[in-house]
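Note sheet for the following structure.
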Amino acid sequence: VQLQASGGGLVQAGGSLRLSCVASGRSFSSYAMGWFRQAPGREREFVAAITWSGSNRYYADSVNGRFTISRVNAKNTVYLQMNSLKPEDTAVYYCAARQLGSLARLLTEYDYWGQGTLVTVSS
């Protein structure tokens, strides 16, 4: 499985961005998907996850209520809608796929990773 993330950019605080992650391969609809981020000088951290069906979602406390993860299996795509962005949301955002379809928040629970897309939020 190959993952291609896009949609990053420069936005002012309070603004919005939508990230997309397109997956190759036929098994996308059976995978759970996640978004992680890594700020300069910091470890990669969990942001959001969604089950294979989209019926369950899970968010980090820092983004809950501001970010929404969703997926369209027919398009092999997972999205991260980011609203009310803050300067502390600045990071490279990565999408990840997990062969097990259940939710997970640890990096080690994911099997495939995309290349990352940079989000910069100015104050």
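Residues that are in contact with a strand residue (DSSP E or B) (Cβ under 6 Å, 6 or more places away or on another chain), of a type in the set (D, E) and not in a loop (DSSP other than H, G, I, E, B) occur in segment 84-91; there is at least one.
Evaluate the following for A96: is it out of contact with any Asp or Glu (no Cβ under 7 Å at 6 or more places or on another chain), assigned to a loop (DSSP other than H, G, I, E, B) and open to solvent by less than 60 Å² (accessible area, probe 1.4 Å)? Write out each step before concluding.
Numbers: out of contact with any Asp or Glu (no Cβ under 7 Å at 6 or more places or on another chain): yes; assigned to a loop (DSSP other than H, G, I, E, B): no; open to solvent by less than 60 Å² (accessible area, probe 1.4 Å): yes.
Against the criterion (out of contact with any Asp or Glu (no Cβ under 7 Å at 6 or more places or on another chain), assigned to a loop (DSSP other than H, G, I, E, B) and open to solvent by less than 60 Å² (accessible area, probe 1.4 Å)), A96 does not qualify.
Each residue in segment 72-123 was checked for being among the basic types (K, R), under 14 Å from A32 (Cα atoms) and more than 12 Å from the chain's Cα centre (by Cα), and 1 pass.
On the basis of being open to solvent by 60 Å² or more (accessible area, probe 1.4 Å), on the phi < 0 side of the Ramachandran plot, out of contact with any helix residue (DSSP H, G or I) (no Cβ under 9 Å at 6 or more places or on another chain) and not in a loop (DSSP other than H, G, I, E, B), does R18 make the cut? In short, yes. Among the residues of segment 105-123, those identified as in a loop (DSSP other than H, G, I, E, B) and either surrounded by 19 or more Cβ atoms within 10 Å (Cβ to Cβ) or of a type in the set (D, E, K, R) (or both) are R105, Y110, D111, G114.
Among the residues of segment 53-69, those that are open to solvent by 40 Å² or more (accessible area, probe 1.4 Å), more than 20 Å from V1 (Cα to Cα), part of a loop (DSSP other than H, G, I, E, B) and of a type outside the set (D, E, K, R) comprise S55, N56, S62, G65.
Residues that are open to solvent by 50 Å² or more (accessible area, probe 1.4 Å), touching a strand residue (DSSP E or B) at 6+ places or on another chain (Cβ under 9 Å) and within 16 Å of A104 (Cα to Cα) within segment 30-52 comprise R44, E45, W52, listed in sequence order. Any residue at all in segment 83-92 that is small (G, A, S), at pLDDT 95 or above and more than 17 Å from R18 (Cα to Cα)? Scanning segment 83-92, I find no residue that is small (G, A, S), at pLDDT 95 or above and more than 17 Å from R18 (Cα to Cα), so the answer is no. Of the candidates V119, V63, V72, V47, the single residue that is without any contact (Cβ under 8 Å) to a residue 40 or more places away in the chain and closer than 21 Å to G15 by Cβ is V63.
The values are calculated or read from the model by the stated rules, or taken from the named source; none is laboratory data. Here the structure is a predicted model, which is why all the values come from computation and not from measurement. Ideal geometry is used to build each Cβ from the backbone, glycine not excepted, and the neighbour counts take in all protein chains shown. The protein model used for the area step is the full one, side chains on, heavy atoms only, and it has no ligands, DNA or RNA in it. Shrake-Rupley method; radii C 1.70, N 1.55, O 1.52, S 1.80 Å.
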